[in-house]
Structure formats: C-alpha cells, structure tokens
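The values are calculated or read from the model by the stated rules, or taken from the named source; none is laboratory data. The model shown is predicted, which means the values in this text are computed figures rather than measured ones. Methodologically, a virtual Cβ is constructed for each residue, glycine included, from the backbone with ideal geometry; neighbour enumeration extends over all protein chains shown. With ligands, DNA and RNA removed, areas are computed over all heavy atoms of the protein, side chains included. Shrake-Rupley method; radii C 1.70, N 1.55, O 1.52, S 1.80 Å.
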Amino acid sequence: MPELPEVEIVTRALSRKLKGRSILEHRVHHPGVLLHDPHAGLGGPLRRFERGERHGKYMVLEFSSEQRLVVHLRMTGAFYFRDSDTPLQPHTHVEFQLDTGEWLAYRDPRRFGRIWWLSPNSSTNPLADLGPDALRLSQPEWVARISERSRMMKPLLLDQAVIAGLGNIYVDELLHRSRIHPQRAADSIPAARLGEMWSACRELLRLAIRNGGSSIRSFVDTDGILGNYQNFHLVYAREGEPCTTCGTLIKRIVVAQRGTWICPRCQRRR
Ligand SMILES: [Zn+2]
C-alpha cells in the first residue's frame, strides 16, 4: 500500500509528464473510482496542468482552469501512460486523454482508490480532516502533537488526523529506528526522544523516496518500475531475521489489529 514516499514518487512523475498539458477527454471504464462533487455539478475542463502537490497520502493535481484532481491510491491504485495503439491494462477504471494524444490511465485491482474531480466551488474536500504532512511539520509541532496524547505510539502515528503520510511500513521502521515499542504510551516518551524521532522520520522518508519507495505487494511508479526500498527495511516483514543492531530475531506482534514487526531487545515495552 503506497505511503508518503510512494505517493511522492508518483506525484513527481505525474508533475513532470503532465507539465503544461491539457486533458481533452476522459473515459470511465468502471464507475465508482472517479467522483464528482454532486453539489458543484460536473467538473469543468482540465486545461493546462500547473502543478502536482502531495499532502500525506493524497495527491493534488492542479490545472490552470482551476480544476483539481485529488487522488488517493489506497491499496493498489497506480497510473500509467499509453498511446492509442497500446491495449488497456486489466483493472483500468478511468483514463484521461492528453493533448499529445497519449492517455493517462488509472488501474486499481482492489478498486479502493479514489479520484475526486473538484471545481473551485466544490464543497467536498477530501483533505479536510488530515493532520500536517509528516515531511512538512516542524520539530516542535511533531513533539507537541505526539506528547499531548496518551494513546499507544503505533495507532497514533497511523492516525492521519494526527500526522499525515505514515502507514504500516514506515511506522514500524520509524519506531524501530527510534528504539520505541509500538505499544508504548505517547505521553510517556521524553520530548528529547520525540525530537530525535522527528529527525529519524525525515531521514527515513527521504531515503525511501531516493530509493524509489517500497514495493511490497504491487507498488510501481508511472513507468511500471518497482521501488527498491523494501530491500532496506530493518524490521518490516522480516520476522525471524536478525536485528541489524543487536542480532536478536525480529518478532511479529499485532498492535491495533495491524501486523507489526519489532526487535524485542531494541524496542522494549517498559
Ligand atoms: Zn535489536
């Protein structure tokens, strides 16, 4: 499932390829993925792409016609480009024809992903409940948002309303790098350690972006290329392998209904 680094990679790739392009028409192969704001009517023309932004795991593609496509890839959503002679890939639900004749297609086997087509007067805002982005909030803000809560660390960090962008993979990796047990109460951790965790989080996410993201099940970039960062995971999905710090075997536990990987020695519960 794409998290912040993977969504950042897709956003950058789409921004590069769509720069200055307009969308002439779109086709819906399976309804339900592309959503228009019912109150604002159909979205207007997607004329001249201006920029792509990412907030948490959401992508916002802005056009100079003041229309926006807001995208959440959820489990298996992915974009690819094709020309008119290339057949559709299976599970393609929506496609947009560019003024170059090329098609930007969205495929999603699980079909949980969503694309909102929004006008300036749309009342829908899929980003309304999100907390600050994990790569954009300041260190004091990070410390404050975590330390004022008594919840367990893992579900807290997964909560997109608290901090946006982290999912199961990067939360496990971050807690391990910070030597914090996922079930530890957030307000029991000293501010200095949370401050170090903020730095570790930035380092982790940037490293993952540089390595093309993590391809655990199906993540590919817009050219169909797999990420590489799964090869650098220290704990995620590495049950029974030795911890790179202390050699203790990585253990899988369940926290807040999520499979969770820890080093039981480096990450003591206390
Ligand atoms: Zn260890």
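Results, tabulated for the structure shown:
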{"item": "Residue count for region 76-105, restricted to those that are open to solvent by less than 60 Å² (accessible area, probe 1.4 Å), outside any strand (DSSP E or B) and not polar (S, T, N, Q)", "result": "2"}
{"item": "Count of residues meeting criterion [closer than 22 Å to Asp99 by Cβ, of a type in the set (A, V, I, L, M, F, W, C) and open to solvent by 10 Å² or more (accessible area, probe 1.4 Å)] in region 14-39", "result": "4"}
{"item": "Restricting region 253-270 to residues that are surrounded by 14 or more Cβ atoms within 10 Å (Cβ to Cβ) and more than 12 Å from the ligand (Cβ to nearest atom), the residue that is nearest to Asp172 (Cα to Cα)", "result": "Thr260"}
{"item": "Subset of region 162-211 that is of a type in the set (Lys, Arg) and assigned to a helix (DSSP H, G or I) - its residue that is farthest from the chain's Cα centre (by Cα)", "result": "Arg193"}
{"item": "Close pairs from region 179-204: first in contact (Cβ under 8 Å) with a residue 24 or more places away in the chain and of a type in the set (D, E, K, R), partner surrounded by fewer than 15 Cβ atoms within 10 Å (Cβ to Cβ) and not in a helix (DSSP H, G or I), Cβ under 6 Å, at least 6 apart", "result": "Asp187/Ser150"}
{"item": "Residue match in region 212-230 (condition: open to solvent by 40 Å² or more (accessible area, probe 1.4 Å), in a helix (DSSP H, G or I) and away from the ligand (no atom under 16 Å from the Cβ))", "result": "yes"}
{"item": "Odd one out for Thr244, checked against (1) more than 16 Å from the ligand (Cβ to nearest atom); (2) open to solvent by 50 Å² or more (accessible area, probe 1.4 Å)", "result": "(1)"}
